[in-house]
Amino acid sequence: LQCSQVVCSLCGTERSLQALHLPLSLLQVTISLSKVELSVGESKFFTCTAIGEPESIDWYNPQGEKIISTQRVMLQKEGVRSRLTIYNANIEDAGIYRCQATDAKGQTQEATVVLEIYQKLTFREVVSPQEFKQGEDAEVVCRVSSSPAPAVSWLYHNEEVTTIPDNRFAVLANNNLQILNINKSDEGIYRCEGRVEARGEIDFRDIIVIVNVPPAIMMPQKSFNATAERGEEMTLTCKASGSPDPTISWFRNGKLIEENEKYILKGSNTELTVRNIINKDGGSYVCKATNKAGEDQKQAFLQVFVQPHILQLKNETTSENGHVTLVCEAEGEPVPEITWKRAIDGVMFSEGDKSPDGRIEVKGQHGRSSLHIRDVKLSDSGRYDCEAASRIGGHQRSMHLDIEYAPKFVSNQTMYYSWEGNPINISCDVTANPPASIHWRREKLLLPAKNTTHLKTHSVGRKMILEIAPTSDNDFGRYNCTATNRIGTRFQEYILELADVPSSPHGVKIIELSQTTAKISFNKPESHGGVPIHHYQVDVKEVASETWKIVRSHGVQSELFISIYISSSPIPPLFPSLPLPNPPYTHTHTHTHTHTQSFPRPF
């Protein structure tokens, strides 16, 4: 055979080789291995030998591309041998590799090797622990691969989860473990196990599963009561369950409460103590519990009772016949009720009350009370007490209502009597608020006028006194007193008349008579002459005597008892025995006497 001759020729001498010149190629190519299994990451080399006279030996990858030596895929040529080395093989390296030898005539021969790459069981980025929130559908991730694909199973407490009588467990197509509605009791160590039956290969990873439970706050008391301004303190309690243990924080008006002189935090913030409670400490306090599974919050309400305190109450001034509103404003918790008391008579007024005459009415709302007085009278002036009261306590304050009015003349006496040379005081007595300025005038002339000495004015308290010492008839007549304040002007006219002697009594009668006494009666005079009668005087004399005896009355009674002294010598009786209609033995005169007052008593 030609082939054996070639072989022999190869085994013989050089001369015999040169003697044979055959037209067919004498190249033979062989590869050390025809099929190789290689795991991912392993390295392998293949040797290609060309028998004959190869000009070149080349390697081609499974894609038919000529292999160029790189750091990972390296070619080495040694004579008629070429070595292909694949370092750190991967799945993409699998396939049929060709070694091709070419001689000088361009004829080629090749050999092939099949490279099968398989992947060992490989766990990629297996995270442990893996955490889930209670109640959610959990997927425990276990990324395992191999070639051929592995069979994956999950074990919990050394038992395959698929055998556990709980349909919440399932192995998904991606080999992950699904746990529906996971709860705290599902927490523990789960084993992810991979097998390659063809190679008897097995490997596993243990994964810790943690179930986090959202916080749940337990607040034994949600409402608290305290009284302000008494140095009281109140402790609010907030406890929370959850996994991991929740962090507790307190908030007030949206701001985090930090421990200071006002607030004390104890027991990992489970207790909040509010110290020295005042009014503004009242309201909501929010407890918030937080962990990685979520948060919960509840609020406690601190009700701060505040003793009533009157904030606004001021004195008021109004005008007679006007309208005024007295305002009393108070704070407190609970809101206090407000009552009014009129000090002059002790009458009480509460919200909605009206006086019998309808002039006074009280209106109020939410700690503010208004006492309305219309058609104001002078009797409305004085002190008013405002009292704010609640079940916590009470507070009282007072104010004064001042009523302004135009001048008023106190006395109605406008007629005065005197005579020339007899000084007299005419009193102009005025009340007014504010106090009035008082002036005397006569015929628009302000008194006292210049160069007059018999007219003087002087004030005594609220009175303006006009002192007149009449010197002529011109001093008698009309005088005007004018009083003015900012409310108004008032005037009153006074008349000074010339006094006259009183007229005589008349109708004198003897009503009782004895030898030594007599009782007479008479009618009062028709006129006293402008000056009050001081007493009556009776002149008596015996018929035989020229001497008149004066008897004065004690006061102004119209009956007079007369006692006549009789000497020891025998004298005939003074009066005859009764009845005598008119005693002929005596001559009787009655006189009236008046007196004047320099300063008439004012009304």
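Tabulated values for the structure
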{"read-out": "Qualifying residue in the range 284-293 (condition: aliphatic (A, V, I, L, M), over 19 Å from residue 397 (Cβ atoms) and in contact with a Lys or Arg (Cβ under 7 Å, 6 or more places away or on another chain))", "value": "yes"}
{"read-out": "Condition broken by residue 280, with the remaining ones in (1) touching a residue at least 60 places away in the same chain (Cβ under 8 Å); (2) over 30 Å from residue 359 (Cα atoms); (3) exposed (fewer than 14 other Cβ atoms within 10 Å of the Cβ) satisfied", "value": "(1)"}
{"read-out": "Every residue from the range 145-202 that is within 30 Å of residue 245 (Cβ to Cβ), aliphatic (A, V, I, L, M) and part of a loop (DSSP other than H, G, I, E, B)", "value": "164, 180, 182"}
{"read-out": "Set 489, 482: member being surrounded by 17 or more Cβ atoms within 10 Å (Cβ to Cβ), out of contact with any Cys (no Cβ under 6 Å at 6 or more places or on another chain) and over 30 Å from residue 551 (Cβ atoms)", "value": "482"}
{"read-out": "Whichever residue in the range 374-401 is within 14 Å of residue 313 (Cα to Cα) and acidic (Asp, Glu) and, among such residues, is surrounded by the fewest Cβ atoms within 10 Å (Cβ to Cβ)", "value": "385"}
{"read-out": "Residues that are within 15 Å of residue 531 (Cα to Cα), of a type in the set (Val, Ile, Thr) and in a strand (DSSP E or B), drawn from the range 403-443", "value": "424, 426"}
{"read-out": "Among (1) out of contact with any Cys (no Cβ under 9 Å at 6 or more places or on another chain); (2) under 27 Å from residue 331 (Cβ atoms); (3) surrounded by 13 or more Cβ atoms within 10 Å (Cβ to Cβ), the one test that residue 272 misses", "value": "(1)"}
{"read-out": "Scan of the range 478-517 for residues that are in contact (Cβ under 8 Å) with a residue 40 or more places away in the chain, part of a strand (DSSP E or B), touching a Phe, Trp or Tyr at 6+ places or on another chain (Cβ under 6 Å) and within 17 Å of residue 538 (Cα to Cα), ordered by number", "value": "508, 513"}
{"read-out": "Filter result (outside any strand (DSSP E or B) and surrounded by 18 or more Cβ atoms within 10 Å (Cβ to Cβ)) within the range 531-551", "value": "531"}
{"read-out": "Candidate set from the range 117-144 (those that are within 60 Å of the chain's Cα centre (by Cα) and not in a loop (DSSP other than H, G, I, E, B)); member that is nearest to residue 194 (Cα to Cα)", "value": "140"}
{"read-out": "Residue 456 farther than 30 Å from residue 329 by Cα, at pLDDT below 95 and either assigned to a strand (DSSP E or B) or under 50 Å from the mean Cα position of the chain (by Cα) (or both)", "value": "yes"}
{"read-out": "Boolean, residue 509 is closer than 13 Å to residue 424 by Cβ and among the basic types (Lys, Arg)", "value": "no"}
{"read-out": "Among residues of the range 374-395, those that are among the aliphatic types (A, V, I, L, M) and more than 28 Å from the chain's Cα centre (by Cα), counted", "value": "2"}
{"read-out": "Residue count for the range 82-98, restricted to those that are part of a strand (DSSP E or B) and closer than 18 Å to residue 37 by Cα", "value": "8"}
{"read-out": "The listed residue being of a type in the set (D, E, K, R), farther than 30 Å from residue 61 by Cβ and in contact with a strand residue (DSSP E or B) (Cβ under 6 Å, 6 or more places away or on another chain), out of 197, 160, 136", "value": "160"}
{"read-out": "Any hit, the range 508-526, residues being closer than 27 Å to residue 434 by Cβ, touching a Lys or Arg at 6+ places or on another chain (Cβ under 7 Å) and not hydrophobic (A, V, I, L, M, F, W, C)", "value": "no"}
{"read-out": "Meets criteria (in contact (Cβ under 8 Å) with a residue 24 or more places away in the chain and either within 25 Å of residue 276 (Cβ to Cβ) or surrounded by fewer than 16 Cβ atoms within 10 Å (Cβ to Cβ) (or both)) for residue 371", "value": "no"}
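The values are calculated or read from the model by the stated rules, or taken from the named source; none is laboratory data. If you're wondering where the values come from, they're calculated on a predicted model, not measured in any experiment. FYI the Cβ positions are ideal-geometry reconstructions off the backbone, even for glycines, and counts take in every protein chain you see.
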